[in-house]
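A.B. asks: Before we start, here is the structure in question, set down as structure tokens.
The values are calculated or read from the model by the stated rules, or taken from the named source; none is laboratory data. Fair warning: this is a prediction, and the values are worked out from it, not measured in the lab. Here the Cβ is made from the backbone with ideal geometry for all residues, glycine too, and neighbour counts use every protein chain on show. Side chains are part of the model used for accessible areas, which takes the heavy atoms of the whole protein and leaves out ligands, DNA and RNA. Shrake-Rupley method; radii C 1.70, N 1.55, O 1.52, S 1.80 Å.
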Amino acid sequence: MTPRIQIYDTYEAMSDAAAEAIAHRLAARPGLRLALPTGHTPLLMYRRLAALTRERGLRWDRARVFLLDEYLGLGADDPGSFRRYIAEHFLRHLDEPPALDSLDGRAADPDAECARYEAAIAAGGLDLVVLGVGRNGHIGFNEPGSPFTSRTRVVTLAPETRAANAPDFGGDPAAVPARALTVGIATILAGREVLVLAAGSAKAEAVERALAGPVDPAVPASALQRHPRVTWLLDREAAARLPEVTSVRGGAGE
Ligand code: GLP
């Protein structure tokens with residue numbers, strides 16, 4: 001299945017396009033059910049999306065947001081938690097925020113929490129899954145080796161992921177939680193549409209392997225080759241290693 005690949009000159013342009021694509025889908029379907037990522041890549045997308053919401057009078061009050069993942073052991077009041085991130089960078093900028101569901105990193109029974117979450121997602125499915133990509137090709141916190149049949153579960157983070165996320169924990173990889181809860185690859189593939197964002201040269205190899213390499217659990221994002229409706233939004237640097245054959249087609253906003 002051929003993904004659509006949109007390449008933008010800058011991170012800013014990529015972020016605008018991502019915000020536009022989401023705004024467009026919300027306008028078309030006010031009860032949109034969407035999964036959202038954290039990380040540095042979507043920060044500007046959230047800012048632009050909040051601005052578009054105000055400019056266009058978009059309403060989020062009937063939509064439902066699911067976060068892709070959470071660190072095990074962290075709660076909403078923890079500065080490193082993804083629950084805190086989404087509140088800080090997106091939800092608090094909306095007058096009428098959507099309903100938010102996320103994995104509770106402090107759940108007494110994390111496995112039961114994962115089962116609850118998978119069921120909550122399955123209850124109406126996901127209209128749109130927005131993803132970032134790790135430098136090692138991870139999506140959500142599905143690290144290399146994650147089965148494509150995986151569902152929401154507790155995972156152990158790869159050392160390179162803890163190193164990459166260390167800046168959010170005072171710079172010390174050992175301070176990054178060793179485990180996390182994440183939706184699975186099969187959970188992501190069950191979404192009706194997927195939007196993937198990647199920016200910067202540090203992502204170029206992961207993007208190349210995901211799009212132009214074999215479908216292989218060693219590169220979790222390569223699983224997206226099996227999805228019928230995926231759009232990649234890339235800046236020039238992230239797209240730098242793509243072969244000609246996979247270059248630009250279609251627009252994400254349609
Ligand atoms: C994380 C998240 C992913 C995210 C990825 C890339 O740790 N669990 O959902 O897409 O890493 O993050 P960044 O955008 O900061 O490079």
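A.B. asks: Using just the helices of the chain, give the 222 nm mean residue ellipticity in deg cm²/dmol: DSSP H runs with n ≥ 4 each add -39,500 (n - 2.57), and the total is spread over all residues, rounded to 500. Before the final figure, lay out each step's value.
C.D. replies: Details: 8 runs with 77 residues, N = 254.
Helix contribution divided over all residues of the chain: -9000 deg cm²/dmol.
A.B. asks: Mind checking region 33-127 for trypsin sites (Lys or Arg not before Pro) that DSSP puts in a loop (not H, G, I, E or B) and that have at most 14 other Cβ atoms within 10 Å?
C.D. replies: Those that pass, being in a loop and sparsely packed, are Arg62.
A.B. asks: Follow-up. Given a 1.4 angstrom probe, what's the average accessible area per residue across the chain, in square angstrom?
C.D. replies: In whole numbers, the chain has 42 Å² accessible per residue.
A.B. asks: Sorted by accessible area (1.4 Å probe), largest first, how do Glu160, Glu70 line up?
C.D. replies: Ranked list, largest accessible area first: Glu160, Glu70.
A.B. asks: About its Cα centre, what dipole magnitude does region 37-184 give when the only charges are +1 on Lys and Arg Cβ and -1 on Asp and Glu Cβ, stated in debye to the nearest 20?
C.D. replies: 400
A.B. asks: If you average the alpha carbon positions of region 190-217 and of region 135-159, how far apart do those two centres end up, in angstrom?
C.D. replies: 14
A.B. asks: In the chain, which whole DSSP H runs stretch at least 27 Å along their own axis (Cα) and average -0.5 or higher on the Kyte-Doolittle scale?
C.D. replies: none
A.B. asks: Something else: Can you tell me the dipole magnitude for the chain around its Cα centre, using point charges on the Cβ only (Lys, Arg +1; Asp, Glu -1), in Debye to the nearest 20?
C.D. replies: Computed about the Cα centre, the dipole is about 580 debye.
A.B. asks: Next question. Going by a ≥ b ≥ c, the root eigenvalues of the Cα gyration tensor, does the chain fall in the rounded group (a/c under 1.5), the prolate group (a/b larger than b/c) or the oblate group?
C.D. replies: Since a/c stays below 1.5, the shape of the chain is classed as rounded.
A.B. asks: As a test question: what accessible area, to the nearest 10 Å², does Met1 have when a 1.4 Å probe is rolled over all protein chains in place?
C.D. replies: About 140 Å², rounded to the nearest 10.
A.B. asks: Taking the Cα atoms of region 135-209, what is the range of coordinates along each of the three principal axes, in descending order and whole Å?
C.D. replies: Here the Cα extents, ordered largest to smallest, are 37, 29, 18 Å.
A.B. asks: Let me ask something else about it. Can you give the extra length, in nm with one decimal, that the chain gains between Thr156 and Ala27 once fully stretched, where that is 0.36 nm per residue apart less the Cα-Cα distance?
C.D. replies: 42.7 nm
A.B. asks: If you roll a 1.4 Å probe over region 113-254 with all protein chains in place, what percent of the accessible area is carbon or sulfur?
C.D. replies: 53
A.B. asks: Starting from region 112-186, pick out the chymotrypsin sites (Phe, Trp or Tyr not before Pro) whose DSSP state is loop and whose Cβ has at most 11 other Cβ atoms within 10 Å.
C.D. replies: none
A.B. asks: Could you tell me what percent of the DSSP beta bridges with both partners in the chain are antiparallel, to the nearest 5?
C.D. replies: So the antiparallel bridges in the chain amount to around 25 percent.
A.B. asks: So how far apart, in nm, are the two label points at Asp61 and Arg241 if each is 7 Å from Cα heading toward Cβ?
C.D. replies: Taking the two extended label points, one gets 4.8 nm.
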